[in-house]
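**Student:** Have a look at this one before I ask anything.
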Amino acid sequence: MDTDTKLCQGKDIFERMNYLYQASYLMALKNRVVASYYGNIMIGCGKKSVLRIESDIKRTLCKCCQSPLIPGETAKVRLVSKPVKCVKWTCLTCLSVKRFPTKKGYKLWTEQPASTNQIFNYRSKLKDGKPNIVIEENNLCKDK
Ligand SMILES: [Zn+2]
């Protein structure tokens, strides 16, 4: 087993999910059924291998039909003030609605610096064939 796979569990699955996400986005305006199908496979890959999808990416997929939500193209985005201030996303494929509350100063856990423990930076291999991996330790937790 090489160092790449040791350090990043499920790297091949992440690469496949990335490919499917990009394919889904490309097909969104041409064929919505195919775009939804790719999104569905992507979610299935993540579920089967128990890998988390970044919340920013997860929010761009419809919870109901898994098609990509592109503002103005496949989704209608509106600011709503009642009952609570939120951003309302309406999928134009299946007409399902997602609401994201907007609270001043609120950050998701993944956006907070304390949530990051280690950053693996995978770059293309060096000329001598050795993998070029940079590991950055996050010392923000220790400062507090
Ligand atoms: Zn939908």
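**Student:** Looking at segment 96-109, which of its residues are more than 16 Å from the ligand (Cβ to nearest atom), within 21 Å of the chain's Cα centre (by Cα) and part of a loop (DSSP other than H, G, I, E, B)? Walk me through it before giving the result.
**Tutor:** In the first step, residues of segment 96-109 are kept if they are more than 16 Å from the ligand (Cβ to nearest atom); the result is 101-109.
Then keep just the ones that are within 21 Å of the chain's Cα centre (by Cα); that gives 101-102, 106-109.
T102, Y106, K107, L108 - these are the residues of segment 96-109 that are more than 16 Å from the ligand (Cβ to nearest atom), within 21 Å of the chain's Cα centre (by Cα) and part of a loop (DSSP other than H, G, I, E, B).
**Student:** Name, by its number, the condition in (1) closer than 28 Å to S115 by Cα; (2) assigned to a helix (DSSP H, G or I); (3) touching a residue at least 40 places away in the same chain (Cβ under 8 Å) that does not hold for Q22.
**Tutor:** The one condition Q22 does not meet is (3).
**Student:** Name, by its number, the condition in (1) under 19 Å from the mean Cα position of the chain (by Cα); (2) within 16 Å of the ligand (Cβ to nearest atom) that does not hold for T93.
**Tutor:** Every listed condition holds for T93 apart from (1).
**Student:** Mind listing just one residue for me: the one in segment 63-87 that is surrounded by 11 or more Cβ atoms within 10 Å (Cβ to Cβ) and among the small types (G, A, S) and, of those, nearest to P101 (Cα to Cα)?
**Tutor:** So the residue we want is A75.
**Student:** Checking K63 against (1) in a loop (DSSP other than H, G, I, E, B); (2) more than 14 Å from L95 (Cα to Cα), only one condition comes out false. Which one?
**Tutor:** (2)
**Student:** For segment 14-59, name all the residues that are among the polar types (S, T, N, Q) and surrounded by 17 or more Cβ atoms within 10 Å (Cβ to Cβ). Full working, then the answer.
**Tutor:** Pass one, segment 14-59, residues among the polar types (S, T, N, Q): 18, 22, 24, 31, 36, 40, 49, 55.
Residues satisfying the conditions are S24, S36.
**Student:** Would you check which residues across segment 76-93 are within 19 Å of I57 (Cβ to Cβ) and outside any strand (DSSP E or B) and list them?
**Tutor:** Once the filter is applied, which keeps residues that are within 19 Å of I57 (Cβ to Cβ) and outside any strand (DSSP E or B), segment 76-93 yields only T93.
**Student:** Of the residues in segment 26-57, how many are in a helix (DSSP H, G or I), more than 15 Å from the ligand (Cβ to nearest atom) and without any contact (Cβ under 8 Å) to a residue 12 or more places away in the chain?
**Tutor:** As a first pass, look at segment 26-57 and keep what is in a helix (DSSP H, G or I): 26-27, 32-48, 55-57.
Then keep just the ones that are more than 15 Å from the ligand (Cβ to nearest atom); that gives 26, 41, 44-48, 55-57.
Pick out the ones that are also without any contact (Cβ under 8 Å) to a residue 12 or more places away in the chain and you get 26, 44, 47-48, 56.
Total meeting the criteria: 5.
**Student:** Could I ask something else about it? Give all pairs with beta carbons closer than 9 Å in which a residue from segment 85-106 that is touching a residue at least 40 places away in the same chain (Cβ under 8 Å) meets a residue that is part of a strand (DSSP E or B) and surrounded by 12 or more Cβ atoms within 10 Å (Cβ to Cβ); count only pairs at least 6 apart in sequence or on separate chains.
**Tutor:** Sorted first by the residue in segment 85-106, then by its partner, the pairs are T93/A75; F100/C86; F100/V87; F100/K88; F100/W89.
**Student:** Would you call M17 more than 16 Å from the ligand (Cβ to nearest atom) and without any contact (Cβ under 8 Å) to a residue 40 or more places away in the chain?
**Tutor:** Numbers: more than 16 Å from the ligand (Cβ to nearest atom): yes; without any contact (Cβ under 8 Å) to a residue 40 or more places away in the chain: yes.
Against the criterion (more than 16 Å from the ligand (Cβ to nearest atom) and without any contact (Cβ under 8 Å) to a residue 40 or more places away in the chain), M17 qualifies.
Each reported figure results from applying straightforward, stated rules to the coordinates on display, with no laboratory input. All figures in this text were calculated on a predicted structure; none of them were measured in a lab. When we count neighbours, we look across all protein chains shown, and the Cβ atoms used for this are built from the backbone with ideal geometry, even at glycine.
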